[in-house]
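S.K.: Here you go, one structure.
The values are calculated or read from the model by the stated rules, or taken from the named source; none is laboratory data. Please read all numbers here as calculations on a predicted model, not as lab measurements. Neighbour counts are summed over all protein chains in view; Cβ atoms, including those assigned to glycine, are modelled from backbone coordinates with ideal geometry.
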Amino acid sequence: MQYYNYLILVSIFFKDSRAYVMKCILFYVCYCVISAKIIKLCLIIERYKYENYNEEDDKMPRLLSIEETINIIREYIEDDRKKQAILLNGEWGCGKTFFINNKLIPQINKNKFQIYQISLYGVSDIEKIQDLIYEKWIEKVVEDKTEKFDIVSDALIKRIELLGKNAIKFLENKMGTDGNVADMAKNMLEQSIGKDKKPLLIFDDIERCQIDIIELMGFLNNLSENKEYKIILVANEQEINRDEDEIAMALKYEIALNSRLDVENLIERKNRNVINESQKESDNKINREELAKITRHYFGRKTTYERTREKLIGLTVPYSISIKESFDEIISEYIKDKNVQKIVEESSQDIFDLFEQEGNRNLRTLIVSFIAIEDIISSIEQDRISDKVILRDELKTIVLYTVYSAIRRTNGIDEYNWPKNTRYGCVNNRLFAIQRTKIYGYAFVNEYWKTQCIDKEVVYADIQKVINQKVESKKALEQTNEHRLLALNSLYEWYLLQDDEVKQLILQMKKELEHKKYYPQEFKDIILTLMRINNPNFGLITSENQKQKGRLYDSTESGQFVGMSLGKQKEVVRHQYEDWKIYDISEFIDLMVEYLNESENKLTKEMICVLSEDKEFAYEYRCLTMPLIEMIERDELDDAIVDENGTKIFDMQWNEQLEVFCKNNSLEFQKQGKFLSLFEYNKLIEKFKLASPKEISFFCDAVENVYSFSNLVDFYSVDYEIVKAICKYKMESLNENKSRTKEIALRRLQADMCKYANLLKRKDIAE
């Protein structure tokens, strides 16, 4: 009403007062209505927040800098009014101990505090903690009184740490002290601390202590409250809470599940915001998380630990320092080789991005990565590498992949199990992932993680092979202005374009392929781009990115996909966008085959190979590229199965020539992953029928030279069907003349084939 009176007074000064008053009243009414709507909206938002409260949201304080964290802790401990302990809380591996040792302790006033740093890792009783405190007192006395004792302090401190009370007895003898341990402790406390110094106890690894948490906190509270010691606790509080009394929680869950409790009413509130019925149905199924919420509703939010900590802990400081903030210091401390330091520094931004991308802030992971990087790079004899420019890029690749694999290890993901004959490739190749940064890996990095050993010759061979391939590709891909304008270069990030632009570029790319505008090195990118464009879920379903199992599947290795069928693995899913065209990738493949038949350019398995943890994706890609793979294998086989005279293996006489040829070329057959499947089964059976006992014996010897190891299935799994067929064949039908010596030869043949069939039978077909 106050505003209304003001409006009336203003209207007196105008000629048409009635009209003006009406306008003012209308304005005031609109103002009130709008204000009411805004207030109502705010109330709705607040109610929504309340009804959708997630306690995890309250556990996400902003990140403090190192300087801010130091100042907060230092100000707190220097305030004599504040008696309670400080908790430095952070996840495992985030660098809490590193921060304490290298950042906090150097900033604490040594004239005001005597610092005792104690790890409670594995400590099982309170008496042990007292012993540890006592040992730290001894150390301080030794540091201060070295000249008096005439003893080297470092050596003595080390002995105290190792021997505990025995070392203390040793020190008593050195000092010529006749008093008991308790009297000595009191004496040392007075000498080492003095009246002007207060003890500051830093207890690390609280969550790894084996003492009951309530008993432990009671002891620590006595030190802070009654002894007036300043205390800093270092822990991952999440892990402390995890160890809450499980039996008590189980009883609470049992009560919460009681049908007489109004559980449905609690869940109903959540279901009001559910979009569809299928979601609602799944929400009505009470999972562990929902059950925990219901339990807190009836029994309160606070655990026993949470209620107890309020008495001991006065300040909780979250610790989660960014990798970037500690990067330079960790480099200087953990990488001693200056050249390696420089390479890592040049890759720093990529490392930061990788940690951010993988959602990891574990400082210990970074430290472990740096140690591994120095071990690996220092082992490389760089003078032997031909191209120094490409070598520099590969060293950065090794840096990034070592960090990437270390992060995977920290996240509990298995080491990559590299396929045979594959030592290098892109490892984060997934169908559903939008990745601007591709991670290329070397098998020797994973071998280092497993053994902590480095084979210098293997590392050299792997790097030199990759460099040679890149030199050749570089020559072929010398991009002219014309080549840079090709459609593929615009389609790498097709998901940022308009739909019509994507369609036009694909049509353009097809015409360019018809006119042989692309190099074989670009065929893989063309196929992968089309696969992602065709997939209805690409960019819409991100959960597929989590399918990380550790095993890498090589699309060019047939043995990894035995028993698989594309029809079983892939359901036909139509786009919800009717105008979005599904492209026939086989048409593009046919153009590539035609291109290779008419060109002198060669395609290799390394150019077309895709490594992926997604077996279905790798298999689908393999099925699409089979015409290309078959072309490559035919070319490779022509070199592998022909002797110096130009005779192919299946046309050779079964004599010493065949035996020697198979022995000399066994490694080539391993590389191809096939031997007996090179022969035509029907012709082979016919030849057995006509062969003499000696010829059959030579054939068996030749096969033995190729199959002479136990892990046969890892190399020749594709030979299984033909070997099994020979094993099960009725050998008596091959001995028409009823020759005893031929029967002996045929029995050996069958026994050998049955032995190989057992070795070639895969046990993980359903994997």
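S.K.: Residue check: is PHE679 at pLDDT below 85 and outside the structural domain of PHE523 (by TED's automatic domain parsing)? Reasoning before the result, please.
M.R.: Working: at pLDDT below 85: yes; outside the structural domain of PHE523 (by TED's automatic domain parsing): yes.
Answer is yes for this residue.
S.K.: Which of the residues belonging to the range 710-729 are within 14 Å of CYS662 (Cβ to Cβ) and not acidic (Asp, Glu)? I'd like the intermediate steps shown before the answer.
M.R.: Going residue by residue through the range 710-729, those that are within 14 Å of CYS662 (Cβ to Cβ) are 716, 719.
The one that is within 14 Å of CYS662 (Cβ to Cβ) and not acidic (Asp, Glu): TYR716.
S.K.: Another one. Looking only at residues that are small (Gly, Ala, Ser) and in contact with a helix residue (DSSP H, G or I) (Cβ under 9 Å, 6 or more places away or on another chain) in the range 612-655, which one is modelled with the lowest pLDDT?
M.R.: Start the filter on the range 612-655 by keeping residues that are small (Gly, Ala, Ser), which leaves 612, 618, 640, 646.
The next check asks that each one be in contact with a helix residue (DSSP H, G or I) (Cβ under 9 Å, 6 or more places away or on another chain); those that pass are 612, 618, 640.
Numbers: SER612: 86, ALA618: 88, ALA640: 62.
Among them, the one singled out is ALA640.
S.K.: Give the range 88-126 a look and list any residue that's without any contact (Cβ under 8 Å) to a residue 40 or more places away in the chain and among the polar types (S, T, N, Q), or say none.
M.R.: Of everything in the range 88-126, those that are without any contact (Cβ under 8 Å) to a residue 40 or more places away in the chain and among the polar types (S, T, N, Q) turn out to be ASN101, GLN107, ASN109.
S.K.: Looking at the range 696-709, can you tell me whether even one residue there is out of contact with any strand residue (DSSP E or B) (no Cβ under 9 Å at 6 or more places or on another chain), within 28 Å of ASN421 (Cα to Cα), without any contact (Cβ under 8 Å) to a residue 40 or more places away in the chain and surrounded by 20 or more Cβ atoms within 10 Å (Cβ to Cβ)?
M.R.: No; the residues of the range 696-709 include none that is out of contact with any strand residue (DSSP E or B) (no Cβ under 9 Å at 6 or more places or on another chain), within 28 Å of ASN421 (Cα to Cα), without any contact (Cβ under 8 Å) to a residue 40 or more places away in the chain and surrounded by 20 or more Cβ atoms within 10 Å (Cβ to Cβ).
S.K.: Scan the range 435-443 and tell me whether some residue there is more than 25 Å from TYR621 (Cα to Cα), in a helix (DSSP H, G or I) and touching a helix residue (DSSP H, G or I) at 6+ places or on another chain (Cβ under 9 Å).
M.R.: No, every residue in the range 435-443 fails to be more than 25 Å from TYR621 (Cα to Cα), in a helix (DSSP H, G or I) and touching a helix residue (DSSP H, G or I) at 6+ places or on another chain (Cβ under 9 Å).
S.K.: Going residue by residue through the range 409-416, is there one that turns out to be in contact with a Leu (Cβ under 6 Å, 6 or more places away or on another chain), within 30 Å of SER555 (Cβ to Cβ) and not hydrophobic (A, V, I, L, M, F, W, C)?
M.R.: Of the range 409-416, the ones in contact with a Leu (Cβ under 6 Å, 6 or more places away or on another chain) are 416.
Keeping just the survivors that are within 30 Å of SER555 (Cβ to Cβ) gives 416.
Next, from what is left, pick out any that are not hydrophobic (A, V, I, L, M, F, W, C): 416.
Yes, there is a match, as at least one residue in the range 409-416 is in contact with a Leu (Cβ under 6 Å, 6 or more places away or on another chain), within 30 Å of SER555 (Cβ to Cβ) and not hydrophobic (A, V, I, L, M, F, W, C).
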